[in-house]
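Q: Provided herewith is a single structure, encoded as structure tokens, for subsequent inquiry.
The values are calculated or read from the model by the stated rules, or taken from the named source; none is laboratory data. No experiment lies behind these values; they were computed from the predicted model shown. Positions of Cβ are backbone-derived with ideal geometry, glycine not excepted, and every protein chain shown enters the neighbour counts.
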Amino acid sequence: MVNFVFCMAHFCEIHGPVTVLCTQRKESELSAKSSYARCESCSLVLPSGITSVATDFEDLVTKEVANGLSPQPSYGNTSGLGAHFKMDAKMKSSQQEILEKVTYVSTLYPQSERIFTCLTKLVMKCLSVEAVAEPLKPIFFGDTNTGYSLSRIFSINDLHARGGERKYALMVVCDSERALLSNWEMASAFIAEIILLLQRNVETHMESTKLETGENGRYLRRAKTIPRSLVQLTGDNEIFMKLHQCGTEVLRSMQIP
């Protein structure tokens, strides 16, 4: 079975490259919390102390019934982030397609230890090693052992960060190179739109903060480096809930060749 994971990673000034949010299809009960230390800038901050967020959908799932054929669900095209994807039910002689409740869950870490280990290596490589001549274009890397990643690195302005900005990456990870490459255009479009919305939200919040305080941070001595989460940077307590919805739409749009 092909597995896709949507991930947001951050190069924390204290803890290095880490995952901040991982969205995937729920296959089992969630494991206990990890003992890894986290600071404000690399934590998954949800309202009311929630540790994970899940969404149920009645998705059209193709199930194998004979001849050893692999599932091949067919999804309709769509435009715009957050749009609902219409399923195109095409009956196969050796397969049946049924409506099945599918749960997508977002947590700080992946559900399984194997995916956690592989994703940790991909995040480390993405934020520490990989580079691209054109920052607006995604990068593709990986291997059969750790899986494959389509990623784009971006920065968010923050006067309380070293160098005045924080480094993030949005990643769509898959254990199948063919499946990920076949979804290149769809995944790239989603990633670009999410990054644009995040950066706009941060800039809007920064401008409103300057108007309220009557200060222009550019001409003031920058304060001591302080870990700050996306909740603080965007001024939106539900930003990770919205990222969960974005990640869910990304995963639901992925087609299996």
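Q: Just checking, does segment 98-108 include any residue being crowded, with 16+ Cβ neighbours inside 10 Å and within 17 Å of Ser41 (Cα to Cα)?
A: Within segment 98-108 (the criterion being crowded, with 16+ Cβ neighbours inside 10 Å and within 17 Å of Ser41 (Cα to Cα)), the answer is yes, since at least one residue qualifies.
Q: Follow-up. Answer with yes or no whether Cys118 is more than 25 Å from Leu197 (Cα to Cα) and either buried (at least 20 other Cβ atoms within 10 Å of the Cβ) or touching a Cys at 6+ places or on another chain (Cβ under 7 Å) (or both).
A: Spelling it out, Cys118 is indeed more than 25 Å from Leu197 (Cα to Cα) and either buried (at least 20 other Cβ atoms within 10 Å of the Cβ) or touching a Cys at 6+ places or on another chain (Cβ under 7 Å) (or both).
Q: Go through segment 151-183 and give me each residue that's part of a helix (DSSP H, G or I) and either in contact (Cβ under 8 Å) with a residue 40 or more places away in the chain or within 20 Å of Thr120 (Cβ to Cβ) (or both).
A: Arg162, Gly164, Glu177, Arg178, Ala179, Leu180, Leu181, Ser182
Q: Go through segment 1-38 and count every residue that is surrounded by 15 or more Cβ atoms within 10 Å (Cβ to Cβ), modelled with pLDDT of 85 or more and more than 18 Å from the chain's Cα centre (by Cα).
A: So the count comes out to 2.
Q: Quick one: which of Ile256, Ile195, Ile153 is of a type outside the set (Phe, Trp, Tyr) and modelled with pLDDT under 90?
A: Going through Ile256, Ile195, Ile153 in turn, the sole match is Ile256.
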